[in-house]
Amino acid sequence: MFRKVHHRLTLLCTGITTTILLIMSLIYLYVSESGLTNSQFLSFQHAMDNFIGNLGQQSILTHEWLYRMENSNSYLIHITDNGVPLLFNERNDDKPRQRVTEEALSYFHSSFDADTLSSSGTTGSHFEFPFTDSCGEDYYACFASIRQGKQNTEILVLCPLQELNAKIRRQRVHFALIDLGAILLLALFSFFFTKKLLAPIEQNRKEQIQFVAAASHELRTPLSVILSCVSAIKKASPEEEENFLSAIHSEGQRMSHLISDMLLLTQTDSHAFPIRLQPTECDTLLLNSYEAFEPIAREKGIAFNVSLPEQSMPPCLCDGERFNQITAILLHNAISYTPNGGTVLLSLSLDTAKRPENLILSVSDNGVGVPDEEKKKIFQRFYRSDQARSIKDHFGLGLSIAKEIIHSLGGSIRVTDTPGGGATFIVRLPYQRNCPGSLKNYPSGFLSAR
């Protein structure tokens, strides 16, 4: 599915950018070609002003001068004196030249009024116009009339546009090649850009599938035990029934805890995770957590210690219930994965070096530790190491829940190695003292569901 979406998005992005590129290229070509054409026509008009002016000042027209004008400017010149063609026009039997000249004269007389030249009121008036012959060749043409007494000299000058058209064609080819290369680059860019754009969605989809598969697996185990006990209890003696009922109750509790954790994660995914800020004494909450877990640690023979700042911490704006959840998850993990005779240290400190101040919660143990390659994975849902950190009562959701809670509070969590072996989880939370105006200093979305 994602491959098909990826290809369609690539085509869509490439199509849109290609359309925009082609439209901009066509607009530029139109403006550029119009500018070249107008510039060439204005240059031709200026050249004809000089040519007709010089021609009108000469009393005698020599073939040498006319040859030089034709060859230096690639012109075709046709001159008649009182309607009689000059011998210059008959210098060779050039039928294509004669055909073009006749077509140009016929086009001028059929397309323009007879008064086109006489309206200027000058004795040496001329008129320039574009012309295309029957073979499709383009010219700039100038028809001029010079009147001196009873003598009327008419001149037709044709300027071929092969060079201009060749320049326009080369420009079009260059733009076509540039556009083709740009389209290929845009297609490659769109392919990798859309792939990167879809990567988080695809990863989220995979995580959802893995989450459902892992949740189904975790729920299947206690459900199978419950169904087995229910089947066996029908044939069991009264003494055995108590054991089966105890097993059913235990597995039911496991399912209840798992479902509660999954619902909690669902709240974070749907951004419906409630955060309720109120004045809270975090050091007092930490002592309460220590007192709750101290009997569990003592039962396992674990030395459980707590470290607090020497001076009492002032109340801060915090969600006490969420703070307790974080502490409980980290302590439960530390005690579960620390062997008998080990040590667990719970500490709380205030980092005043940064603004805003940070509350630092740390839980250290000297247990089995976390390998470097698993330090990021342990915060994934349902992730459990294949070795010593796999315990039946742990579903692999605790640290992911703690991470989501911490992120909802605007904080961060990381795991490091404890000197001498073990793992240390360090939590940083924004610390805002309980004073007027403190609420406005929290991150955006901090007070509402995330």
## Note on the structure
Along the dipole axis of the range 193-269 (charges at Cβ: +1 for Lys and Arg, -1 for Asp and Glu; origin at the Cα centre), the most positive-end residue among L265, P200, A247 is P200
### All lysines inside 20 Å of K196 as judged from Cα atoms, apart from same-chain residues fewer than 8 positions distant
K4, K206
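Looking at the P(r) of the range 193-269, how many percent of alpha-carbon pairs lie beyond 18 Å?
Looking at the range 193-269, the distances longer than 18 Å represent 57 percent of pairs.
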### Task
Give me the distance between the Cα centres of the range 133-204 and the range 280-332, rounded to whole Å.
78 Å
### Query
Going by how many other Cβ atoms sit within 10 Å of their own, how do K167, K235 line up, fewest first?
K235, K167
### Summary
Non-local residues with an amide H under 5 Å from the amide H of G342, with H modelled 1.01 Å from N and Pro and chain starts lacking one, are A303
### Query
Of all chymotrypsin sites (Phe, Trp or Tyr not before Pro) in the range 139-210, which ones are in loop regions per DSSP and have a Cβ with at most 13 other Cβ atoms within 10 Å?
none
### Whichever aspartates and glutamates have a C-alpha closer than 13 Å to that of K167, once near sequence neighbours (fewer than 8 apart) are set aside
E33
### Largest-first principal axis extents, alpha carbons of the range 275-329, Å
36, 27, 11
### Task
Provide the packing ranking of 237-246, 358-367, 418-427, i.e. peptides ordered by the mean count of other C-beta atoms within 10 Å per residue, highest first.
358-367, 418-427, 237-246
### Query
Straight-line reach from K234: which aspartates and glutamates have a Cα under 15 Å away, not including same-chain ones fewer than 8 places off?
E242
### Long-range HN-HN contacts of Y431 with modeled amide H, under 5 Å
E357, N358, L359
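Values in this text are rule-based calculations from the coordinates and carry no lab data. These figures come from a predicted structure and were not determined experimentally. When we count neighbours, we look across all protein chains shown, and the Cβ atoms used for this are built from the backbone with ideal geometry, even at glycine.
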